[in-house]
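The values are calculated or read from the model by the stated rules, or taken from the named source; none is laboratory data. Because the structure is a prediction, the values reported are computed rather than measured. All Cβ positions, glycine included, derive from the backbone under ideal geometry; neighbour counts span all protein chains shown. Just so you know, the surface numbers come from the protein's heavy atoms only, side chains and all, with ligands and any DNA or RNA stripped out. Shrake-Rupley method; radii C 1.70, N 1.55, O 1.52, S 1.80 Å.
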Amino acid sequence: MIAYNRTASRARASLSHIDHSLKELARRRIISPGRYRNWRQRLTLAGSLCDLAPCRFVIESVKEDLALKQGIYDEIESALAPTAIIASNTSSIPITVLQTGRKNPERFVGMHWGEPAHITRYLEVIPGRHTSPRTLRLTVRLGEMCGKEPTKLNEDIRGFLSNRMMYAMIREAFHLVEAGIADIETVDRSFRNDIGWWALLAGPFRWMDLTGIPAYLLVMEDLFPKLCNSVEAPKLMRETVESGALGIANAKGFYRYTKASARRWEKAWVEFSYEMRKLAEKYSEKNL
């Protein structure tokens, strides 16, 4: 395996994170001890994008900057074999946009991972207009080899599946707070104790099957016209970002944190993710 980071110091710093993650996966028996042992010997830190030439599958995971991504593709396309697959971990940019103007557009595909990527079973695989069936098939297969339960979209769309659903929810959450209906803590508590209670077991359609479909139509007819449909980012969100808040990364977000409490929340998030993985596997569609 070959990895490249545009910042050499960040590439070196990632080694301790990888070691800790693999060690924990082995301790919890998600991977075999053999896959943890000597892992460093199986990873090469590349000094340039040209060093990716031997790779048959490359995953790009830089920030959501189209020009930056296109510049990287210019470099790696000239280094890789024509049959090598190039996947993007973009969260919202349509894959058709990313593959436009490429030498071999059929090898470009979306591979949207969720955090924490080494624990969750989440993975979206998104075809662009020119993505080949071979590219899709091999991308899904790689996801399965990584222990994921890949979701393959039929068509390309901005935001894909999970982000479109999540941001619709987040928009409504901001609206409820900004309109004075409830404060942030109350909105979060309501979400956790309702949607958060059932969403790991069932998606929205299965949930309607489980709880009775007709009632939802009655609510939709009355509620849909009242939901927030703003196309502007919420004022509270802009103010929070402009204040320098990063969340637990700098102990400043929608909630107040100390450095110690931020670390506790981060640790809880990781532990929770491991426990949810067990539940997701126990109650998977395959097992039901």
Taking the Cα centre of the stretch 68-112 as the origin, how large is its charge dipole in debye, to the nearest 20, when only Lys and Arg (+1) and Asp and Glu (-1) carry charge on their Cβ atoms?
80
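Starting from the residue with the highest accessible area, list Met165, Met208 in decreasing order, probe 1.4 Å. Please list the in-between numbers first.
Working: Met165 115, Met208 35 Å².
Putting Met165, Met208 in descending order of accessible area: Met165, Met208.
Taking a threshold of 32 Å on the Cα-Cα distance, which of the pairs Lys103/Lys267; Lys152/Lys259; Lys235/Lys286; Lys152/Lys282; Lys69/Lys278; Lys235/Lys259 fall above it? Before the final figure, lay out each step's value.
Working: Lys103/Lys267 44 Å; Lys152/Lys259 39 Å; Lys235/Lys286 43 Å; Lys152/Lys282 22 Å; Lys69/Lys278 35 Å; Lys235/Lys259 27 Å.
Cα-Cα > 32 Å for Lys103/Lys267; Lys152/Lys259; Lys235/Lys286; Lys69/Lys278; rest within.
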So what does Phe272 come to for accessible area, using a 1.4 Å probe and Å² rounded to 10?
110
Neighbour cut-off at most 12 other Cβ (10 Å), DSSP loop, GluC sites (Glu not before Pro), the stretch 169-271
Glu232
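Given the DSSP H assignment, sum -39500 (n - 2.57) over each helix run of at least 4 residues in the chain and divide by its residue total; what's the result at 222 nm in deg cm²/dmol, nearest 500? Don't skip to the end; give the middle numbers.
Numbers: 12 runs with 137 residues, N = 288.
Using -39500 (n - 2.57) per qualifying helix, the result is -14500 deg cm²/dmol.
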Among rounded, prolate and oblate, which fits the stretch 180-239 when a ≥ b ≥ c are the square roots of the eigenvalues of its C-alpha gyration tensor, a/c under 1.5 means rounded, and a/b larger than b/c means prolate?
oblate
Which percent, nearest 5, of DSSP beta bridges in the stretch 64-137 are antiparallel?
60
Which of Met220, Met166, Met111 moves most in a GNM of the chain, Cα contacts under 10 Å?
Met220
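Might you report the magnitude of the Cβ-based charge dipole of the stretch 206-288 about its Cα centre, with Lys and Arg at +1 and Asp and Glu at -1, to the nearest 20 debye? Working shown, then result.
Working: 14 positive and 11 negative charges, 117 e Å.
It works out to roughly 560 debye.
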Quick calc: nm separation of the 7 Å Cα→Cβ label points for Lys63 and Lys286 -> 3.8
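Order of 147-157, 83-93 by packing, highest average Cβ count within 10 Å first? Show your work: numbers first, answer last.
On the way: 147-157: 15.3, 83-93: 19.5.
For the peptides 147-157, 83-93, the packing ranking is 83-93, 147-157.
I need the calculated FRET efficiency for the pair Lys226 and Glu115, taking r as the beta carbon distance and R₀ as 35 Å, to the nearest 0.05. List each step's numbers first, then the result.
Working: r = 32 Å, r/R0 = 0.93.
After rounding to 0.05, the efficiency reads 0.60.
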What's the angle, to the nearest 10 degrees (0 to 90), between helix 133-145's Cα axis and the longest principal axis of the chain?
80
Need one value: the accessible area of Tyr216 in square angstrom, 1.4 angstrom probe, rounded to the nearest 10.
70
Separation of the Leu201 and Thr44 label points, Cα + 7 Å toward Cβ, nm
4.9
Probe 1.4 Å, all protein chains present, accessible-area order of His17, His175, largest first
His17, His175
Degrees between helix 184-193 axis and first principal axis of the chain (Cα, 0 to 90, nearest 10)
80
Rounded accessible area of Trp207 (nearest 10 Å², 1.4 Å probe):
70
Report, to the nearest whole %, how much of the accessible area of the chain belongs to carbon and sulfur atoms, 1.4 Å probe, protein only.
57
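If you rank Ser32, Ser132 by how much accessible surface each has, with a 1.4 Å probe, what is the order from largest down?
Values: Ser32 55, Ser132 25 Å².
Largest accessible area first, the residues go Ser32, Ser132.
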Point-to-point label distance, His20-Glu178, nm (Cα→Cβ direction, 7 Å offset)
3.6
Per residue, what accessible area does the chain have, given a 1.4 Å probe and all protein chains present, in Å²?
67
